[in-house]
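Report on one structure; see the data block that follows.
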Protein chains: 2
Amino acid sequence: MGENIGAAARVMHNFGLNDLRLVAPRDGWPNQKATETARNAQQIITDARVYPELAPALTGVQYLLAATARPRDMVKRMLSPRQALKELAERSASGQACGLMFGPERSGLANEDLILADTLVSIPVNPEYPSLNLAQSVAILCYEWRMATEGNLPSPPALEPPASKDEISGFFSHLTQILDEVDFFKVPEKRERMLHNIHNLFTRAEMNSQDVRTLRGILTALGRK
Amino acid sequence: MGENIGAAARVMHNFGLNDLRLVAPRDGWPNQKATETARNAQQIITDARVYPELAPALTGVQYLLAATARPRDMVKRMLSPRQALKELAERSASGQACGLMFGPERSGLANEDLILADTLVSIPVNPEYPSLNLAQSVAILCYEWRMATEGNLPSPPALEPPASKDEISGFFSHLTQILDEVDFFKVPEKRERMLHNIHNLFTRAEMNSQDVRTLRGILTALGRK
């Protein structure tokens, strides 16, 4: 289906992959639906190579993973996406030309296609409804490829450094003073326990210096009333 | 977009999730496109709850993850999908009601929505084209949820146990005998080395007993000629 091919191209671009090879696309090629669905991944669609059958599409590929939902009656190693893409990334880093192979959404890959793969990869789905959309299978494997190559962490946001303990203590003393002024602690024997809880609450908030200044500004404003 | 809602429902069903809450869907509700795209996930569409704004949709949710592509100017913990869904799965296992929040595909979640989340989660995409399809973001986070809850391995295929070393040696002796009969090794000093390589090749093939029987059958048939 053109839509599936276009969506697969788009998600390849999302994860930084670009070599798309198509085997006997059902609705011919080029395909208007594929072009529309690909959005910003037009270059991948333009550069896609089309083959009448699978074998020539694998020219140059040294290690091939095949995505399949159903374990078949076939003696072939099967890994989870995490394990499989970690291995593929290691092979790729050592210079091997690696490929990921997907079948048509409804039927999946045939046994004669799976035979050509080195390893099968199966996405752990709900057994009651294992039929994943094709482009979503592509998304999950491309995601695992990127996790295996780019590391686990997205670029962290520029977090403000946390406030120092003396800034927090200063705020807390200020707060305690104001609470005492307004006679907040009506039952004296509960005062200490309540103060501990309040202090704890503000500690958990992981405030930065600006947060502390803001809260002290509020206290100052309230204290004036 | 109805298509995105339907595709998200389908992938939720693929990974065994079912509680869908919608906030002010653009094209109203119910939505024909959502129903069509959801395929076998009709129950999730039927049971979906619709809210005019975000706050009431979060009723009962104790821990909220928000998917966002862009680190914002916001002091909030941000994790990779793997880390975030591992933590969510742990909280869920301890009885906390957990939610995953996604924004509209084009604009993403607004800062005022992100404030309500406990943790931000960012999918590591190609910075040149970070715009993931909404349902594919849902797919990747649902996949990581299932990996965190169901373990790393898909149910393994029923692999035949490997052939014993004596079965393989028996085959290899048979092969060597036939190769000698047909005078395969024309250069005697290369014989041993070639035999080693051939033996190695069949060792790497990780044959099972049936494979060995098949190969021996072939040798027997060829030996008769």
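For this structure, a couple of remarks:
- Counting only DSSP beta bridges with both residues in the protein assembly as shown, the antiparallel share comes to about 10 percent.
- Highest mobility in the GNM of chain B, judged by mean-square fluctuation with C-alpha springs under 10 Å and restricted to B:Gly28, B:Gly99, B:Gly170, is found for B:Gly170.
- For chain B, the share of DSSP beta bridges that are antiparallel, to the nearest 5, is 10%.
- For A:Asn133, net neighbour charge (Lys/Arg +1, Asp/Glu -1) across residues whose Cβ lies under 14 Å away: 0
- Between amide H atoms placed 1.01 Å from N, distances below 5 Å from B:Ala97 occur with B:Gln62, B:Tyr63, all of them 5 or more places distant or on a separate chain.
- Rel. contact order, % - alpha carbon contacts under 8 angstrom, at least six apart, the stretch B:73-127: 58 percent
- Placing R0 at 60 angstrom, the Cβ-Cβ distance between B:Thr46 and B:His174 gives a FRET efficiency of 0.40 after rounding to 0.05.
- Partner shielding of B:137-145 amounts to 5, given as the average count of beta-carbon atoms from other chains within 10 Å of each residue beta-carbon.
- Sequentially through the stretch B:78-83, phi angles give Karplus couplings (6.51, -1.76, 1.60; θ = phi - 60°) of 10, 10, 6, x, 4, 5 Hz, Gly and Pro residues having no value and appearing as x.
- Once both labels are positioned 7 Å from their Cα atoms along Cα-to-Cβ, the gap between A:Leu116 and A:Ala221 label points is 6.9 nm.
- Accessible solvent surface per residue of the stretch B:75-225, calculated while the other protein chains remain in place, 1.4 angstrom probe, Å²: 57 Å²
- C-alpha long axis of helix B:209-224 to longest principal axis of chain B, angle in °: 40 degrees
- As a calculated quantity, the FRET efficiency between B:Glu90 and A:Leu54 at R0 = 41 Å, using C-beta atoms, amounts to about 0.45.
- Take every Cα pair under 8 Å whose residues are at least 6 apart in sequence, average their separation, divide by the length of chain B, and the relative contact order is 19 percent.
- Since only A:Ile198, A:Ser94, A:Asn14 are under comparison, the one whose Cα sits farthest along the positive direction of the charge dipole of chain A, derived from C-beta charges on Lys, Arg, Asp and Glu, is A:Ile198.
- Gyration tensor (alpha-carbon) shape descriptor, the protein assembly as shown, a/c threshold 1.5: prolate
- Cut-off under 5 Å, modelled amide H: who pairs with B:Leu79 long-range: B:Leu120, B:Val121, B:Ser122
- Averaged over the residues of B:118-128, the number of partner chain Cβ atoms lying within 10 Å of the residue Cβ comes to 5.
- Accessible carbon and sulfur surface of the stretch B:1-55 relative to its total accessible area, %, 1.4 Å: 50 percent
- Taking the longest Cα principal axis of chain B as reference, the axis of helix B:165-181 is set at about 50 degrees.
- About its Cα centre, the protein assembly as shown has a charge dipole of approximately 0 debye under the convention of +1 per Lys or Arg Cβ and -1 per Asp or Glu Cβ, with nothing else charged.
- Placing unit charges on each Cβ (+1 for Lys and Arg, -1 for Asp and Glu) gives chain B a dipole about its Cα centre, and among B:Pro127, B:Gln83, B:Leu58 the Cα reaching farthest toward its positive end belongs to B:Pro127.
- Interface burial for A against B (accessible surface, 1.4 Å probe, total of both chains, Å², rounded to 100): 4200 Å²
- Virtual spin-label span in nm between A:Ser131 and A:Trp29, 7 Å along Cα→Cβ: 2.6 nm
- Considering the stretch B:1-150 at the alpha-carbon level, its Rg and Dmax are found to be 14.5, 40 Å.
- Efficiency of FRET between A:Asn197 and A:Arg77 - r from beta-carbon atoms, R0 56 angstrom, step 0.05: 0.50
- Shielding by other protein chains, B:14-22, mean Cβ within 10 Å: 3
- Relative contact order (percent, whole number), the stretch A:1-130, Cα cutoff 8 Å, 6+ residue spacing: 26 percent
- For the stretch B:1-79 versus the stretch A:199-216, the gap between their alpha-carbon centres in whole angstrom: 33 Å
The values are calculated or read from the model by the stated rules, or taken from the named source; none is laboratory data. Since the model is a prediction, treat every value here as computed from it, not as a measurement. Note: ideal-geometry Cβ built from the backbone for every residue, glycine included; neighbour counts use all protein chains shown. Quick note on the areas: whole protein, heavy atoms, side chains included, nothing else; ligands and nucleic acids left out. Shrake-Rupley method; radii C 1.70, N 1.55, O 1.52, S 1.80 Å.
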